[in-house]
Every structure is written in C-alpha cells, then in structure tokens.
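Everything on this sheet refers to the single structure shown next.
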C-alpha cells in the first residue's frame, strides 16, 4: 500500500508541474487531486448470505480531464489513477473448522487501483460555480484482499485471512457522478461530488466457495463516494 500511495503522489507532482504551464482557459488538460470517504456494501446472490449493512471505506488519487471540443469547455474525457478501499460485511453459515459448521460474521477489506474512463459534461460558469456530471466505467485491479472474522456463533473472534488469490483481479463498474467546481483564483478550483460506483463483475473467483455446500460465493460490491478535491 505504501508503494501505491508513493506512485500516486509522484504522478500528481509531475502532472501538476506540467499543468501549471497552461495559462489560458479553457485548458486542454486539467489535473486534480481528490480524496474522500465511501459507503460500501455487498450484494450477495447466495442463499443464506446476508449483507450486514454499509461500511465506511475511502478513495484518493489523481484525476485528469481532457477537453474534447476546444474552444468549448463543456465536454471532457475523464480518466486518472485512484486507490479505492472497499469494505463490506457478510453473515453466513460455513465450515469454520473441519466438520464444524458455524454461523460466521466477517468483514472484507479489498484495495483496488482504479483507472476511470468516462465522459464529463460541464455547464458554463454560474458566477464562480460550474456544475458537472460524469458517466462511464471504473476499471479496477485488485492489489489486496483480506477477510477478518468478526463473530463465530455469536462469539467475538479476531482472525484475519488473506483471500487475494480467491478475489477476482479485475473489477469493472459503472461510474456515475454529479458535482460542482468552485473557482478559487486563476486556474485553481475546488471540486465537490457525489458518485455511485456499481460493479458488474463478481468479487470472488470460482474457487472461493462455501465449504458446506460447495457453492461459489457470488456477490458484487457497490458504493457511494463523497469526493473532495482541487484542480490546478
């Protein structure tokens, strides 16, 4: 995780240095840094698997907007590189120890490196404000996946299991976002947005199964993201 954070920080510094060379609006490329909390939950399809509510995760990274219709400033290709921490919780019956079936409540903590590919639409300025909407795909690659047992038969448990090899490496999701930008000074803007991130692909591989019945654990993750950032 430290390597991922370092890579994102280095890319941000290089990109911001390049962007400062653009003085006129509308600029061809706009670069911003974003971060914010997320509300994540799982949508299991297996009988006997229950979602235990939304959990708080987080995201941070670098966004890049490329003007598609200069000299207009309304249509952009949106991409970047982000880190997403997706946390969910499920309860289910499974074999915790050999020949010992138990009711399990477990937390899942997955980290993805994401590259969004989307179209961003912006309004003209309303004073110092610009409203925008984004629609496209979030293309993610899993870099870490862990399961932490919370309770076994209603008894508190503290055990963590690495399930990276059982987690699907690619996560493809619909990304829809609505927000606004506030012009601070010159080319510097603050941005605020609410995004919905809805996975199309399963979270786990076929070999991640319930030991009781042999069924593949099938669920997909969804989340709301509260994004705060600065554009330079």
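The values are calculated or read from the model by the stated rules, or taken from the named source; none is laboratory data. In this text, all values refer to a predicted model and were calculated from it rather than measured experimentally. So basically every Cβ, Gly included, is an ideal-geometry build from the backbone, and we count neighbours across all protein chains shown.
Please indicate, with yes or no, whether at least one residue in the range 185-198 is more than 14 Å from the chain's Cα centre (by Cα), surrounded by 14 or more Cβ atoms within 10 Å (Cβ to Cβ) and under 21 Å from residue 52 (Cβ atoms). Among the residues of the range 185-198, not one is more than 14 Å from the chain's Cα centre (by Cα), surrounded by 14 or more Cβ atoms within 10 Å (Cβ to Cβ) and under 21 Å from residue 52 (Cβ atoms), which makes the answer no.
Evaluation of residue 102 against the conditions (1) more than 22 Å from the chain's Cα centre (by Cα); (2) modelled with pLDDT of 95 or more shows that the sole unmet condition is (2).
Kindly establish whether residue 124 is part of a loop (DSSP other than H, G, I, E, B) and either touching a residue at least 40 places away in the same chain (Cβ under 8 Å) or in contact with a strand residue (DSSP E or B) (Cβ under 8 Å, 6 or more places away or on another chain) (or both). In short, yes. Among the residues of the range 195-232, those that are assigned to a strand (DSSP E or B) and more than 22 Å from residue 82 (Cα to Cα) comprise 209, 216, 219. For the range 160-176, the set of residues classified as more than 30 Å from residue 191 (Cβ to Cβ), assigned to a strand (DSSP E or B) and free of Cβ contacts under 8 Å to residues at least 40 places away in the same chain consists of 160, 161, 162, listed by residue number. Against the condition surrounded by fewer than 20 Cβ atoms within 10 Å (Cβ to Cβ) and touching a strand residue (DSSP E or B) at 6+ places or on another chain (Cβ under 9 Å), how does residue 98 come out, does it pass? No: the conditions fail for residue 98.
Here's the yes/no breakdown for (1) assigned to a strand (DSSP E or B); (2) closer than 24 Å to residue 115 by Cα; (3) in contact with a strand residue (DSSP E or B) (Cβ under 6 Å, 6 or more places away or on another chain); (4) modelled with pLDDT of 95 or more:
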| site | (1), (2), (3), (4) |
| --- | --- |
| 158 | yes, no, no, no |
| 178 | yes, yes, yes, yes |
| 182 | yes, no, yes, yes |
| 193 | yes, yes, yes, yes |
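Residue by residue, here is whether (1) in a strand (DSSP E or B); (2) modelled with pLDDT of 95 or more; (3) over 15 Å from residue 112 (Cβ atoms); (4) in contact with a strand residue (DSSP E or B) (Cβ under 6 Å, 6 or more places away or on another chain) holds:
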{"position": "7", "(1), (2), (3), (4)": "no, no, no, no"}
{"position": "10", "(1), (2), (3), (4)": "no, no, yes, no"}
{"position": "13", "(1), (2), (3), (4)": "no, no, yes, no"}
{"position": "72", "(1), (2), (3), (4)": "no, no, yes, no"}
{"position": "76", "(1), (2), (3), (4)": "yes, yes, yes, yes"}
